[in-house]
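Notes for the one structure printed next.
The values are calculated or read from the model by the stated rules, or taken from the named source; none is laboratory data. Values in this document were obtained by computation on a predicted structure and should not be read as measured data. A quick note on method: Cβ atoms are made from the backbone with ideal geometry, for glycine too, and the neighbour counts reach across all protein chains shown.
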Amino acid sequence: MSIDRRNILRLGLSLPVLLSAGATSALAGQLGDGMPAPRRKPDGTSVNAKAKPVIMIDPGHGGHDPGAIGVSGAYEKDITLDLATRIANRIEGGGRYKVVLTRKNDVFVPLTERATLAQLAKADLFISIHADSAPNPDARGLSAYTLSETASDGLAAAIADRENATDVLRGIDSGVSDPQVAAILFDLSRRHSLNTALARKAHIVQVAGAKLRLLDHPKRSANFAVLKVPDVPAMLIETGFLSNAQDEKLLTSDKSRAQIATVLADAFVGAMAVA
Ligand code: ZN
């Protein structure tokens, strides 16, 4: 699959990125009306303005990487794609925001490229959707993470390690192990967007918690590679634990998945008003 250079050039970016086939296919077809294409002012000069704010939704895992596997065999990658698609459809239906997905089908996209896609899109909000597992089979409920060099607790650290391993297993340097790069990205992220991400995380957890079961201490933080997106408020949502039979049932039931997607979509839209 070739990279659609025309679309990438339209972004007017100088980022020296070479995207994988998975990432390229994620961009293709979504750039058209969702990305910040140059506009002309009346005097003929161009301005880079977005027609609508962009929310980028990242369905975790995909392709050869199934993510967590549930006690009854459900794949995290399938649950995240379905949830993200439903969330995207609902938000788009509201008409106020453009939604871009980092993948629209069962393909592998490295974590570093997911973060790059958010930068390319100049996303106003980036949310990575997951459903992990934990050694404790009783652990259940939704939690939301923002970027931090230090994890909020042992479970948060373990979950970040699991999620980051996706790239490590493929021999891709996600940047997590490079302290200099990590420090630069973290500093940029902190300076420009972490406060926004923290406020929006609080809003989303509050709204979601009124209708969905939450994990203990649901506002968490850890060193996730996928959240290293300078200038973009970014968070990762663990929608539940596939290591818990009840959570797996909810995440694989069509009815409750629709409900989860509706609650999250409305929470994300509400969060956009939180600066
Ligand atoms: Zn995951």
Could you go through the range 92-104 and let me know if any residue there is farther than 20 Å from Ala160 by Cβ, without any contact (Cβ under 8 Å) to a residue 60 or more places away in the chain and within 16 Å of the ligand (Cβ to nearest atom).
no
From the set of residues in the range 69-88 that are closer than 18 Å to Ser256 by Cβ and hydrophobic (A, V, I, L, M, F, W, C), which is surrounded by the fewest Cβ atoms within 10 Å (Cβ to Cβ)?
Val71
Which members of the range 106-155 meet the condition of being among the aliphatic types (A, V, I, L, M), within 13 Å of the ligand (Cβ to nearest atom), modelled with pLDDT under 95 and not in a loop (DSSP other than H, G, I, E, B)?
Leu111
When the range 224-275 is checked residue by residue, the ones that are modelled with pLDDT of 95 or more and of a type in the set (Val, Ile, Thr) are Ile237, Thr239, Thr252, Ile260, Thr262, Val263, Val269
Looking at the range 240-275 only, could you name the residues that are out of contact with any Ser or Thr (no Cβ under 8 Å at 6 or more places or on another chain) and among the aromatic types (Phe, Trp, Tyr)?
Phe268
The conditions are (1) of a type outside the set (Ser, Thr, Tyr); (2) touching a Phe, Trp or Tyr at 6+ places or on another chain (Cβ under 8 Å); (3) free of Cβ contacts under 8 Å to residues at least 40 places away in the same chain, and Asp161 fails exactly one of them. Which is it?
(2)
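For Gly94, state whether it is surrounded by fewer than 24 Cβ atoms within 10 Å (Cβ to Cβ) and over 28 Å from Asn244 (Cβ atoms).
The answer is yes for Gly94.
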